[in-house]
Structures are given as structure tokens and as C-alpha cells.
Amino acid sequence: MSARRPIVVDCDTGIDDSLALLYLLASDDAEVVAITCCSGNVEAHQVAENNRGLLELIGQGDIEVALGRTVPLVRPLEITPETHGPRGVGYAELPAGRRPLSERHAADVFAEEARQRPGELTLLCIGPLTNLAVALEREPALPGLLRRLVIMGGAFRVPGNTTPVSEWNIHCDPDAARAVMHAWTAAIEADPGVARILALGLDVTEQAVILPEHVVALARRAGSRPDDSIALSQGEDPMRATRSVADNAVIRFVADALRFYMEFHATYDGFYGAFIHDPLAAATALDESLVRTEALAVDVEIEGALTAGQTIADSRGLWHRPPNVDVAISADADEFLRRLIERIGALAERLGVAATTPDVAP
Ligand code: BDR
Ligand code: CA
């Protein structure tokens, strides 16, 4: 068994963010040091509620949850309740979190935790990069203090999912994303030993597709009963949908959250299933052999009327800049899904029916 990898997760929970967190919290090779919150899928305060509730659900409510900057650097705030539900977790209910929000700002969490263990901390950003941009203003040495920055963001050789050329996380705060790309370029120019950003864009995360049959497999792995009643039938009319009756609270959460996401994908992407972008990024943060990458110089367009938020990779080296990003170009999606089912299923099994449910929350 490998040593536990210390990791801070910055997220906009978010249905797939919640699965990414469950993946990490279920993994023996991860030590989740803190979870920080940004606005994106829903507003940051709601993100914090979701993260605290999720931790409470699985009995890990002692992990620090911190807020950061709650609006993008320059642009107005945009959220997407139609994708993730009004509270960001689809049809799922979460208990209230018991540990109060941290008094630290997310940006200080990154900098202080990285300084405490130089070269060891992994920072995983699965929402807009607002908090990281703030952290770089406060601690410009951050790129050299981290073991690795892993982001879910960008669309490199594929269309965007928010505009024809931009992916949601970059679209929400392109100014922050650009600041991050430039900070890494400068850090690598000054010290070629600084680790490049590892970016999982839509090129690979849209290969990570979860289907109802995977949720059934997850329920079976957890020993949840009954495994066929998780309400993942093709309920096109959300108003007529029913809640999961699984006896395992973690499985109920996953099924109720994912059903909303699957209905969204059925409407907008033409299949009843869901891209689970963020869990693939989380799994890759623990084991980079899940993806193949290409080292490229990457920048972000912030101005174009049609192209703001586009991630542009200089494949021919025309900018004469050192590569600042390892861009993921393919992924082992089958192995990733196998691990997801095994890890979250085993966590759910361990907790059994004892997970904290919304009904018993204070
Ligand atoms: C990204 O946008 C969000 O909706 C997801 O949580 C993911 O981080 C995919 O474009
Ligand atoms: Ca996200």
C-alpha cells in the first residue's frame, strides 16, 4: 500500500464534485487535508453547506471546510442549477454539517498547507480557478511549493460544453484561469524543476461516462438493498421522479444526486447517463497512470466576443514558451470506473446503514 498523499480539494460541489470527494475520502492512498469552496455550479456558501453535509454523511465531519472568494475576479457570477439542481446535489438530501466553517480563507489554506510540507501537497481544483488566482497573489511562490496542481478544466481538441469553445470551469472565471497559466509559465521559466499543471479537460473527462448499470453495481458492491430500486429509471419528468429507497445512505445520496445529472444529460447530451469529469480528475490526482498526457504551453483567451474562456494549447511551439501544462489526451475510463465502484462501494459498505442521514441531523 502506497503512502497517503496529502491533498487539498477546491471545488464547486456540484454532483460530480461530490463524487470526486467521495472517491478521495474513500481512498486509502489519499489524506484529504482540507476542502475549499468556490462559486461555480452553485454559489460558494451553498457549496460549503454541501461539502460539510457530505462529510457529515460519511462520518468525516472533522475535516476542515473553508470558503474563499465567492465571485469571479472580473466577470459577474454565473451558476448552473439546471445542471446540478437548485442546491447543487440534484435530488439528494444531506445532513447539516456539525463542524463550523473554517476561519481561514481558501487561498491561505493552499499557501499555509503547501508551506508546511514543501513539495508534498497536491492541489486539486475541480471548479473555477478563482481561489487559486487569489492564492497566487498572496503567495507567488506557490507553484514551487506544490507537488502537483491537478485541474479539471479546459477543452483542448474538442468543443466546449458552455460555449462552442469553452469548458464551464474556465468559462466562469477565465481571468483567474489565465492568471494561473501565466503564474506557472513564470515559475517554470525561473525554475524548470517546478511541476507542470496536470489538466484534465473535456477531451478526457467526457470519456468518463457513468450509466445506471454502474450505479446498480455500486449498490451491489456496498451490499445495499434493494439494489434495483434506486430510481434510476428513465424518469424524463423530474416532477414524477421518486427518491431512492436503498437502505444505505451513501448509495441513496449517490443515486439521488446522479439521477438529476442523468436527466440533464438525457436532455442536453442525448444519453441517459452522466459525464463524471471531477471524479476522473480526483482519481488521476492519486494515480497519474490513468491518463496519457502531452506537455504543452497553454494560455486562456479572456477577451474574444466568441472565444472568451477558450483554452489554447501551442502544439507547434510558436510562442517559444516552456510547456506549463501536461494536457491529458486519453484516459483509461474502464479502470477508473472500476476503481470508483470499488472504492465508494467499499466505503458505503463500511458505513452500512449507519451513515448520518438528514433525518437525524440536528
Ligand atoms: C465541470 O463543470 C462542472 O459543471 C463540473 O462539476 C465540472 O467540474 C465540467 O465542465
Ligand atoms: Ca466541478
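Numbers below:
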item: Estimated [θ] at 222 nm from DSSP helical runs (n ≥ 4, -39500 (n - 2.57)) normalised by residues in the chain, nearest 500; result: -11500 deg cm²/dmol
item: Region 59-175 shape via C-alpha gyration tensor axes, a/c threshold 1.5; result: oblate
item: Relative contact order computed over the chain (Cα-Cα under 8 Å; 6+ residues apart), in percent; result: 20
item: Of Ala281, Ala305, Ala135, the one that fluctuates the most in a GNM where the chain has Cα springs shorter than 10 Å; result: Ala305
item: P(r), alpha carbons of the chain - 10 Å bins starting at zero, rounded %; result: 6, 27, 37, 23, 7, 1
item: Arg157 paired with Ala186, simple spin-label distance in nm, labels 7 Å along Cα-to-beta-carbon; result: 3.2
item: Residues in region 158-184 reached by a label modelled at Val71 [backbone nitrogen below 19 Å; 7 Å Cα→Cβ]; result: 171-177
item: Förster-model FRET efficiency, 35 Å R0, Ala295 and Arg243, C-beta, rounded to 0.05; result: 0.15
item: Förster-model FRET efficiency, 30 Å R0, Ala3 and Asp314, C-beta, rounded to 0.05; result: 0.25
item: Estimated distance in nm for a label pair at Arg350 and Glu120, the labels positioned 7 Å out from Cα along Cα-to-Cβ; result: 2.1
item: Glu213-Tyr268 pseudo-label distance in nm [points 7 Å out on the Cα-to-Cβ vector]; result: 2.6
item: Antiparallel bridge percentage (DSSP; both residues within the chain; nearest 5); result: 30
item: Listed peptides 42-51, 110-119 by packing density, highest first (mean Cβ within 10 Å); result: 42-51, 110-119
item: Residue-by-residue Karplus 3J(HN,Hα) for region 83-92, coefficients 6.51, -1.76, 1.60, Hz, glycine and proline x; result: 8, 10, x, x, 10, x, 10, x, 8, 6
item: Peptides ranked, highest mean first, by Cβ atoms within 10 Å: ranges 289-297, 341-349, 88-96, 313-321; result: 88-96, 341-349, 289-297, 313-321
item: Rounded percent of accessible protein surface that carbon and sulfur make up, the chain, 1.4 Å probe; result: 50
item: Separation of alpha-carbon centers, region 240-319 and region 118-162, rounded to whole Å; result: 16
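The values are calculated or read from the model by the stated rules, or taken from the named source; none is laboratory data. Quantities reported herein were computed from a predicted structural model and do not represent experimental measurements. In this analysis, Cβ positions are derived from the backbone assuming ideal geometry, glycine residues included, and neighbour counts consider all displayed protein chains. These accessible areas exclude ligands, DNA and RNA; they are computed on the full protein's heavy atoms, side chains included. Shrake-Rupley method; radii C 1.70, N 1.55, O 1.52, S 1.80 Å.
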